[in-house]
Amino acid sequence: MILIPCPWCGSRDAGEFAYGGEPTPRPDPRTATREQWRGYLYLRNNVAGWTTERWYHRMGCRRYLTVQRNTVTNEVRQP
Amino acid sequence: MKRQTRRLDRQPGEVIDRGSPLEFGWNGRSYPAYAGDTIASALAACGERVFSRSFKYHRRRGLLTASYTDPGCIVQVGDEPNVRGAHRLVTPGMDVRSQDTWPSLAFDVKAANELVGRFLPAGFYYKTFIRPRPLWPTYERVLRRFSHGGVVSPDPLSPELSSYDKRQVHPDVLVAGGGPAGMTAAVAAARAGARVMLVEEEHSLGGHLRWGDKADLAALHDLRSLLAASGVEVLTNSVVFGRYDHNHVAIVQRGLPHVYERLVKARAKTLVVSPGLIERPYVFAGNDVPGVMLSTAVRRLINLYAVKPGDRAVVLTANPQGDAAVVDLERAGVEVAHVVDARGGDDLVRVLGRGGVKGVELVGGHRIECDLVVTAVGWTAPLTLLTMAGTVAAYDSRAARYFPGTATLPDDVLPAGGVVGDGTLDELVAHADAVGREAARRAGSMSRREPAAEIPALPVDAHPELFHGPTHGIVDFSEDVSSRDLLTAVEEGYSSAELAKRYTTATMGPTQGKLESVNVVAIIAEATGRTISQTGTTTWRPPYAPVTLGALAGRHREPVRYSPMHPWHERHGAAPLVAGAWIRPDHYGDPAGEVLAVRERVGIIDVTPIGKLDLRGPDVPKLLNLLYVNRWSKLEVGRVRYGVMCAEDGVVLDDGVTGRLGDQHYLMSTTSSGAASVWEWVESWLQTEHPGWQVHVTPVTTSYASINVAGPRSRELLGRVVAEIDLTPQAFPYMHVRTGRVAGVDGCVLWRIGFTGELSFELHVPASYGLHVWETLLDSGNDLGVRAFGIEAQRILRLEKGHLIVGQDTDGLTQAFSAGLDGLIRLDKDDFVGRSELVWQAEAAAESRLVGLHPNDASVVPEEGSQLIEAGVICGRVTSSRWSPTLHRSICLAQVATEFAEPGTLVTVRLPDGRSVPATVTEHLASVDPEGARLRG
Ligand SMILES: [Zn+2]
């Protein structure tokens, strides 16, 4: 169980959070092609290394936050 | 009763309390013991030498290590199987039995396996019991009778051990291992200001000092005094069994009063790993015969338990600890017949005797009579916690053991003691003291400017590489794997340590590699002509020590929610229904009667679990327009509207009504199961996509008790408890909301909606008055025939009305058009969540549709989930199905392929019992009042 640094609450057990994954920018729904839209829905970079991801402090301050995490070592830092 | 014939005079370091004698049972006979004895030490004091039968060949087994890891004395205690007999302390009246022996320990029929041992080679089970395939069930039955392990009682735990427990701790420094190094590091860290927890597997601290000489005991005494004054929390009979990311450390704590085991979850700022060293057995013929022991085993027996381990011993020694064992044996009155000094190249060839040691054969064929063979051939470093932290174990052939590659350790893990090196006690203590101070510094317990502690290097003693003798013997004592089996595995191509392990099951028994893994690797290395480093080790994974599933599960804690009206439901015979976290009334004994009460008169239902979000701010309409598929910008104050939410893939997420209570004040309702997830959904859009919008969200699900009053006489009933709200159809039409006083309670919200299809009002009243309003409604409506109805009646009512339930009539793939929501979806809105996918779904035409379905035989009620089959192909499924008391027939909703969705289409329902029945697609989803005259009344 890793620790997630919440800017409001401090470092807390990941069990308090919901994992939001890599944030993907929402394409303009009026102009997006199917390919763009489904890329937004389903495609993630999934890198082995530093990633930026979203977590939701469900059992704490209930804020969505952005965290950088190394998916190889689970090192975590605030962006 | 047995007598303690092998008990020695008082020993200086003994842990038994001679003032507290007790008795316990071993295989039904009474044995004497002292408090502080383990099961094994007490039995050994009475001259018992055989404690179990081995796994595969059912050979007699005695003590090997006389410690927790001893594979030879795993026993059944009462209804608890697989107890480590060399660790568990005896208690008065304890009922201990040997396990996996039939009919008795002395006469074991399964020992026939030993006589036919040549038929049980490596991989025997894989090779033999695979073909012919159809015979596997028979093989399985027979093998299970031969499998190892005790008996699990089908009854719950004994009453004095009522439960399992969990504890969360946040020490600055956690020290794993309470030998001299761990004790010193703990004291040093505590003195530097850290909050320290020290965890020790055994019942007392001190490690090898406890069975050492006078100087060792004196040093131990001093260390214990220092520790007692340090404020360190000490857990004995507890093991750190896993180190996870960010120093999340799992500990199993045993021997507590009232709880069976406790799982301690520690989040340590720094972890000090000081597990000491484990003595390694020697592989040679007869090395598992009762009477062959490690040097630490005899030193424990003599010094801790005052037990004379034999009468005449032969000792094979390669190190000072083995030499010390010779001194201990002689002091205990054991005749040391011969010392084989492995440092000079001497060796043992084989043990003579089967049921117990009768002698040994030396190189050159010389035989010596003895009843005890002691080996001291080297050490295994239990690096598990360090490898879990990321280090790679590196083999040092000069020291004949593995060391941690410290460069790869994270900053918050520090090793100390024997896993790092050797040296005098003073050197070990100086090293551990520096480690403890550094651990405290890294934990932030000292000022940041404090320089890093200088950790001195520990010397590493040379040790001969001794793994096996000139003959074959047992490598894995718990799995009965011999060195010959390993060679067979290598010959058959399993030349990597990981493969040979799985093929032979070496290291996979209760000792989990602690005794045997290095010997396994060494023998494979030799057989493949590689070095030990080239061969590599097997991976050590958590748990390091066995932990019960009960401890992992912890206490049974499942919080439930009750509405304020729950006491009434209980008093009136409600059948409880578990709905998520809520316990709700399913019905009050007669769901069909409850349905008819609503259709004909008036009923009230407790709908408190409905999710409720209070939304305030100027930008609420923008939020509603974004999240719902329909249009919201023109909702006037006093109106409510039904809305459906989709995810970005167009799949239906939730539904409910939202009312506008004031200019910038809305109340959103969600499904009961969606209460939490919709709140998060709303927050995610506000926080991540539109942080500029001014909307304040407050969850009020449990702030209100919610009651739906439904039926043709609901207006009349409500009129009796509402004073200031005009309930006439003109003043309070369908899909409107009013606020005011109900049954004397201010601050209530009423909205006119119709999930049941009847004229109905949903009340949201301040929760603490829920029961009062509920009872007032029932009291006031006696003459109207008012009746409480439950979830089941509501399900029937809404099905009669054709209202869908998200998650029942839709699933994780149902896009909004397939849910039959065409009339609601406004693709002409610029944007809403899921719009793009719905535009494309509309273009392509939905593949399936939600339809009403009537079985042609009105008496057949298909089970929900029944498939619809046409021309041998599944074309849909029944999503909801009930007997309708209103229509006296079965009614269904179904998802069907679009080509079968036209009203009047005949489809075939395949029932679970295999029958196929015809059913017809209906014109409307609703079977009752499709025009909606009743709910608009
Ligand atoms: Zn937080």
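Here are the numbers for this structure:
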quantity	calculated
Segment B:467-543, relative contact order in percent, only Cα pairs under 8 angstrom and at least six apart counted	30
Segment B:402-441 - convex hull of the alpha-carbon atoms, volume per residue in Å³	59
Helix axis angle, B:591-600 relative to chain B longest principal axis, alpha carbon, degrees	20
Square roots of five times the Cα gyration tensor eigenvalues for segment B:541-589, Å	38, 10, 9
Lys, Arg +1 and Asp, Glu -1 on Cβ, resulting dipole of chain B about Cα centre, debye, nearest 20	1420
Segment B:9-109: chymotrypsin sites (Phe, Trp or Tyr not before Pro) in DSSP loop, at most 13 other beta carbons within 10 Å	B:Phe107
For the protein assembly as shown, share of DSSP beta bridges that run antiparallel, in % to the nearest 5	75
For segment B:680-693, Karplus couplings with θ = phi - 60° (6.51, -1.76, 1.60), whole Hz, Gly/Pro x	5, 4, 4, 4, 5, 6, 5, 7, 9, 9, 9, x, x, 5
Placed amide H near B:Val460: partners under 5 Å, 5+ positions off or other chain	B:Asp422
Rel. contact order, % - alpha carbon contacts under 8 angstrom, at least six apart, chain B	9
Folded to 0 to 90 degrees: helix B:770-780 orientation relative to chain B principal axis, Cα	40
Cα shape, segment B:847-937, gyration tensor, a/c 1.5 rule	oblate
Gap separating the Cα centres of segment B:899-937 and segment B:1-78, nearest whole Å	74
Whole-number D in µm²/s for segment A:3-77 (Stokes-Einstein; Kirkwood sum over Cα pairs; 4 °C, 1.567 mPa s)	95
For the protein assembly as shown, Cys with no neighbouring Cys Cβ under 4.7 Å	A:Cys61, B:Cys46, B:Cys73, B:Cys370, B:Cys646, B:Cys748, B:Cys875, B:Cys892
Pair B:Asp95, B:Arg557: separation of 7 Å Cα→Cβ label points (nm)	3.4
Using alpha carbons only: equivalent-ellipsoid semi-axes of chain B, gyration tensor based, whole Å	72, 33, 28
Karplus 3J(HN,Hα) series, Hz, for segment B:215-232 with 6.51 cos²θ - 1.76 cosθ + 1.60 (x for Gly, Pro)	4, 4, 5, 5, 4, 5, 4, 4, 4, 5, 5, 4, 5, 4, 8, 8, x, 6
Low-density loop cleavage sites - GluC sites (Glu not before Pro) in chain A, where at most 14 other Cβ are within 10 Å (DSSP)	A:Glu75
Amide hydrogen neighbours beyond the local backbone of B:Cys892, cut-off 5 Å, H modeled	B:Leu853
Interchain or long-range residues, amide H under 5 Å from B:Glu870's placed H	B:Cys875
Two-decimal log10 I(q)/I(0) for segment B:453-527, as the Debye equation yields it once each C-alpha is a single scatterer, q = 0.25 Å⁻¹	-1.12
Sequence-separation-based contact order of chain A, relative, with Cα cut under 8 Å and 6+ spacing, percent	31
B:Tyr544, B:Tyr734 arranged by Cβ crowding within 10 Å, fewest neighbours leading	B:Tyr734, B:Tyr544
P(r) histogram, all alpha-carbon pairs of the protein assembly as shown included - 20 Å bins from 0, percent	11, 31, 26, 23, 8, 0
Under the Karplus curve 6.51 cos²θ - 1.76 cosθ + 1.60, θ = phi - 60°, whole-Hz ³J(HN,Hα) for segment B:359-371, x wherever Gly or Pro sits	x, 10, 10, 8, 4, x, x, 5, 10, 10, 6, 6, 10
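Where a number appears in this text, it was derived from the coordinates with a stated rule and is not lab data. Just so it is clear, the structure is predicted and the values come from calculations on it, not from any experiment. Here the Cβ is made from the backbone with ideal geometry for all residues, glycine too, and neighbour counts use every protein chain on show.
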